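Structure, as structure tokens:
Where a number appears in this text, it was derived from the coordinates with a stated rule and is not lab data. Predicted model, so just to flag it, every value in this text is computed and none were measured. Reconstructed Cβ throughout: ideal geometry from the backbone, glycine too, with neighbour counts over all protein chains shown.
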Amino acid sequence: MRLYGGWDQHECRGGTVRQSNEMDQETRDQAFMRHAQVLAARAAELGEVPVGALVVLDGVVIGEGWNRPISSHDPTAHAEIMALRQAADKVGNYRLVGAELYVTIEPCTMCAGAIVHARIARVVFGATEPKAGAVVSNGCVFDQTWVNHRPEYQGGVLAQECSEQISDFFRSRRAQKKRLKVTNGQIPDGTNSE
Ligand code: ZN
């Protein structure tokens, strides 16, 4: 079963379709997404689900974040929130007008809400998240009439690689659990999935 999927099947109002003259934009988006993937890897090193995010203003990275709710005992410590906090601190304003946010996985409702509060102009994400994603998978938060700011958004940037970061993480964690069971003299059942 594939949990983290592609982008093409979604058709929310604000989604954009690339034109061939937008190749520069695509190259730029991919470069920033690779940066976000490096941050996601830091989360994996902490044993956290690998999601990475960054905030870019006028082409400059002003905030970086990686998922760490477990290690920081903080339910709000998602990659996007951490990146927004650092960026807002840097510019001295909670409103990040004109900024872009890059994140390896589709934002959840909490992060989508924070993105709206921060007045982020454009959100770029990698793989969709069918369970908790709130941009195109569930709820389409940015397209609702009741939100007071609607960021542009683009998904599917290096989606395959972003998705693999997550599945590799869970695969190695399952293997680790299995090894632990063997060490403890239990028979691994092989069905223990997240
Ligand atoms: Zn989130």
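Summary table below
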{"read-out": "In region 62-91, the residues that are over 30 Å from Ala175 (Cα atoms), among the hydrophobic types (A, V, I, L, M, F, W, C) and surrounded by fewer than 18 Cβ atoms within 10 Å (Cβ to Cβ)", "value": "Val91"}
{"read-out": "Test for Ala31: is it away from the ligand (no atom under 16 Å from the Cβ), of a type outside the set (Ser, Thr, Tyr) and part of a helix (DSSP H, G or I)", "value": "yes"}
{"read-out": "Residue, surrounded by the fewest Cβ atoms within 10 Å (Cβ to Cβ), within region 149-159, restricted to residues that are in contact (Cβ under 8 Å) with a residue 40 or more places away in the chain and out of contact with any strand residue (DSSP E or B) (no Cβ under 6 Å at 6 or more places or on another chain)", "value": "Arg150"}
{"read-out": "Selected residue (criterion: farthest from the ligand (Cβ to nearest atom)) from residues of region 44-60 that are buried (at least 19 other Cβ atoms within 10 Å of the Cβ) and of a type in the set (A, V, I, L, M, F, W, C)", "value": "Val56"}
{"read-out": "Sole exception among (1) within 29 Å of Val91 (Cα to Cα); (2) under 11 Å from the mean Cα position of the chain (by Cα); (3) away from the ligand (no atom under 13 Å from the Cβ) for Phe142, by number", "value": "(2)"}
{"read-out": "Complete set of residues in region 106-120 that are surrounded by 24 or more Cβ atoms within 10 Å (Cβ to Cβ) and out of contact with any helix residue (DSSP H, G or I) (no Cβ under 6 Å at 6 or more places or on another chain)", "value": "Glu106, Ile115, Ile120"}
{"read-out": "Criterion violated by Asp168 - all others in (1) loosely packed, with under 15 Cβ neighbours inside 10 Å; (2) within 16 Å of the ligand (Cβ to nearest atom) satisfied", "value": "(2)"}
{"read-out": "Yes/no for Ala41 being under 26 Å from Arg171 (Cβ atoms), surrounded by fewer than 23 Cβ atoms within 10 Å (Cβ to Cβ) and aliphatic (A, V, I, L, M)", "value": "yes"}
{"read-out": "Of residues in region 92-105 being surrounded by 15 or more Cβ atoms within 10 Å (Cβ to Cβ) and more than 9 Å from the ligand (Cβ to nearest atom), the one farthest from the chain's Cα centre (by Cα)", "value": "Leu96"}
{"read-out": "Unmet criterion (only one of (1) within 14 Å of the ligand (Cβ to nearest atom); (2) of a type in the set (Gly, Ala, Ser); (3) more than 9 Å from the chain's Cα centre (by Cα); (4) more than 20 Å from Gln144 (Cβ to Cβ)) for Ser71", "value": "(1)"}
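Residues are listed down the side, and each one gets a yes or a no for (1) touching a residue at least 40 places away in the same chain (Cβ under 8 Å); (2) of a type in the set (A, V, I, L, M, F, W, C); (3) more than 16 Å from Ala53 (Cα to Cα):
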site	(1), (2), (3)
Tyr94	no, no, yes
Tyr102	yes, no, no
Gly113	no, no, no
Val147	no, yes, yes
Glu161	yes, no, no
Ala175	no, yes, yes
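This table checks each residue for (1) at negative phi; (2) touching a Phe, Trp or Tyr at 6+ places or on another chain (Cβ under 7 Å); (3) away from the ligand (no atom under 13 Å from the Cβ).
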{"site": "Cys108", "(1), (2), (3)": "yes, no, no"}
{"site": "Ala121", "(1), (2), (3)": "yes, no, yes"}
{"site": "Gly126", "(1), (2), (3)": "yes, no, yes"}
{"site": "Ala132", "(1), (2), (3)": "yes, no, no"}
{"site": "Val135", "(1), (2), (3)": "yes, yes, no"}
{"site": "Glu152", "(1), (2), (3)": "yes, no, yes"}
